[in-house]
Structures are given as structure tokens and as C-alpha cells.
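The values are calculated or read from the model by the stated rules, or taken from the named source; none is laboratory data. In this text the structure is predicted, and so the values were computed from the model without any measurement. Cβ placement follows ideal geometry from the backbone for every residue including glycine, while neighbour counts extend to all protein chains displayed. For accessibility, only protein heavy atoms count, side chains too; no ligands or nucleic acids. Shrake-Rupley method; radii C 1.70, N 1.55, O 1.52, S 1.80 Å.
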Amino acid sequence: MLPLLYIAIALIVGVIALFRPPRLPRAVYLLALACVPQILAMMGVRHWLLALTGLVLCLLWYRFNRSLPGALLLVAGIVLNLGTMVLHGGSMPITTATLAALGVELPPGTVIMGSKDTVVADSPIWWLGDWIRVTTPWRNWIISPGDLLVAAGLLRWLLATNPGKEKSNAPYAPGLS
Amino acid sequence: MKKRIVQALFAAIISGMLALAGTAALGQPGPQSSSVSTVIGS
């Protein structure tokens with residue numbers, strides 16, 4: 001189900017970008033590489049080193065895109081999410097209490113396939129995990145504070161460019177904007 | 001126009017990659033969800 005969410009995000013951004021072309025970031029290959037550990041996590045392959053690798057790659061990506069609108073929000077959200085995953089063995093924690101509130105009972109240690117989540121009894125940093133409930137007509141989602149920051153960063157990136165005032169097709173040059 | 005479509009396509013791909021690399025949302029599992037597996041010993 002998670003891949004469908006990512007495709008939906010890409011489609012929405014693509015449509016918006018048709019009318020408000022954003023400045024494209026540099027070093028996109030780093031993002032592509034950072035996706036690999038996350039794909040493995042969704043397939044059930046979890047290790048803190050994989051999450052750390054993704055985090056380092058995202059921080060490197062940020063190094064090349066510091067002046068891109070929304071980049072700081074994006075990286076802040078990524079650090080919160082992947083940092084939390086590093087501390088939980090490569091998984092995003094979701095507490096049994098959060099699941100119980102949704103009417104779902106799963107024992108601690110359960111790896112939820114197709115997601116990056118593992119059920120935990122408790123965690124000192126549960127509030128950085130998935131606990132915020134978002135209801136959509138399509139499906140209910142449980143998201144983390146880091147997810148909110150990433151979403152805000154994407155919006156900032158998309159809406160920062162004013163097509164009427166800026167030559168959005170110009171190559172992105174960090175530090176010159 | 002073609003350039004704008006290509007740029008929008010790139011923006012879509014990049015946003016998808018950012019979401020994949022940086023988010024960790026969970027679609028609400030059902031009470032009898034079959035998409036779970038228990039890690040033995042964890």
C-alpha cells in the first residue's frame with residue numbers, strides 16, 4: 001500500500017509542477033541510492049546500518065541542495081524519521097497502544113510487511129514514530145512528525161517558485177539564489 | 001511545452017524518491033491483516 005502512496009504523491013507533484021515548475025535539485029542520484037535501504041525495509045529487510053546509510057545519503061544530498069526551497073524542512077523530517085529508524089534496528093516504531101486505539105491488536109516484534117514499521121510495546125521516543133492518524137477517503141494513515149516535515153518541505157519546494165517572476169527553467173545553482 | 005512536461009516528470013520522480021527515502025507512514029492495517037510477520041526472538 002505504501003508504494004501506492006508514493007506514486008500518488010509523485011502524480012500530484014507532477015500535475016502541480018506542470019503549472020508551477022519548481023527548481024530541480026542537484027545530486028538526484030544520491031536520493032535514488034537512499035531509496036534502496038527503504039525498499040529493502042518495506043520488503044522486511046531491517047537493519048540499523050541500512051537506515052543509517054539512507055540517512056547519510058540524504059544528508060549528502062542536502063549538502064548539494066542547501067539553498068533549495070524547502071530543503072531544510074525536508075532534511076529535518078528525514079533526520080527525524082531515519083534517526084528514529086536507526087535507533088529501532090532499521091524499523092519505524094509503532095506502539096501497541098497506537099494500534100489498539102485503531103482496533104488492531106498485534107504483538108510487539110511484529111514486522112508489518114509493505115511498510116517500514118515494527119510493533120513495539122513502548123519506546124522512549126515513541127512520539128517520533130508513527131502515531132498521528134490521518135484520515136483520507138482512500139485509506140487511514142498513521143504518520144510520524146518527520147512525515148509532516150517532509151510533506152511541508154515538498155510543499156515549500158513546489159510553491160516557492162513563482163512562475164511569473166522567476167525563470168524556473170534555469171539550471172539550479174546553489175548559493176546564487 | 002515539451003520542456004515543461006519533462007521538468008514536471010522529473011519533479012514527480014524526485015518527489016516520489018523523497019517520499020520513499022524520507023517518510024515512514026503506515027496504511028492502517030486491518031484487524032485480521034495478513035500482511036504481517038512476527039520476528040522470532042525480537
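Pairing residues of segment B:12-28 that are at the interface with chain A (Cβ under 7 Å from one of its Cβ atoms) with residues that are open to solvent by 10 Å² or more (accessible area, probe 1.4 Å) and assigned to a loop (DSSP other than H, G, I, E, B), at Cβ distances under 7 Å and at least 6 apart in sequence or on separate chains, gives B:Ile14/A:Leu24; B:Ile14/A:Pro25; B:Gly27/A:Met1; B:Gly27/A:Arg139; B:Gln28/A:Leu102; B:Gln28/A:Arg139.
Count of segment A:64-93 residues, restricted to those that are within 11 Å of chain B (Cβ to nearest Cβ) and among the aromatic types (Phe, Trp, Tyr), is 0. Each residue in segment A:51-92 was checked for being more than 20 Å from B:Ile14 (Cβ to Cβ), assigned to a helix (DSSP H, G or I) and open to solvent by less than 50 Å² (accessible area, probe 1.4 Å), and 5 pass.
Within segment A:17-42, being more than 8 Å from chain B (Cβ to nearest Cβ) and part of a helix (DSSP H, G or I) holds for A:Phe19, A:Tyr29, A:Leu30, A:Leu33, A:Val36, A:Pro37, A:Leu40, A:Ala41, A:Met42. Would you check if A:Leu49 is of a type outside the set (Gly, Ala, Ser), out of contact with any Cys (no Cβ under 9 Å at 6 or more places or on another chain) and either touching a residue at least 12 places away in the same chain (Cβ under 8 Å) or more than 8 Å from chain B (Cβ to nearest Cβ) (or both)? Considered against the rule, which asks whether it is of a type outside the set (Gly, Ala, Ser), out of contact with any Cys (no Cβ under 9 Å at 6 or more places or on another chain) and either touching a residue at least 12 places away in the same chain (Cβ under 8 Å) or more than 8 Å from chain B (Cβ to nearest Cβ) (or both), A:Leu49 comes out as yes. Residues in segment A:94-133 that are assigned to a loop (DSSP other than H, G, I, E, B) and either away from chain B (no Cβ under 11 Å) or without any contact (Cβ under 8 Å) to a residue 60 or more places away in the chain (or both): 16 in all. Assess whether A:Val111 counts as being farther than 21 Å from B:Ser15 by Cβ and in contact with a strand residue (DSSP E or B) (Cβ under 6 Å, 6 or more places away or on another chain). Taking the combined requirement at face value, the residue satisfies it. Return yes or no: is A:Ala151 open to solvent by less than 70 Å² (accessible area, probe 1.4 Å) and at pLDDT below 90? Judged against the criteria, A:Ala151 is not a match.
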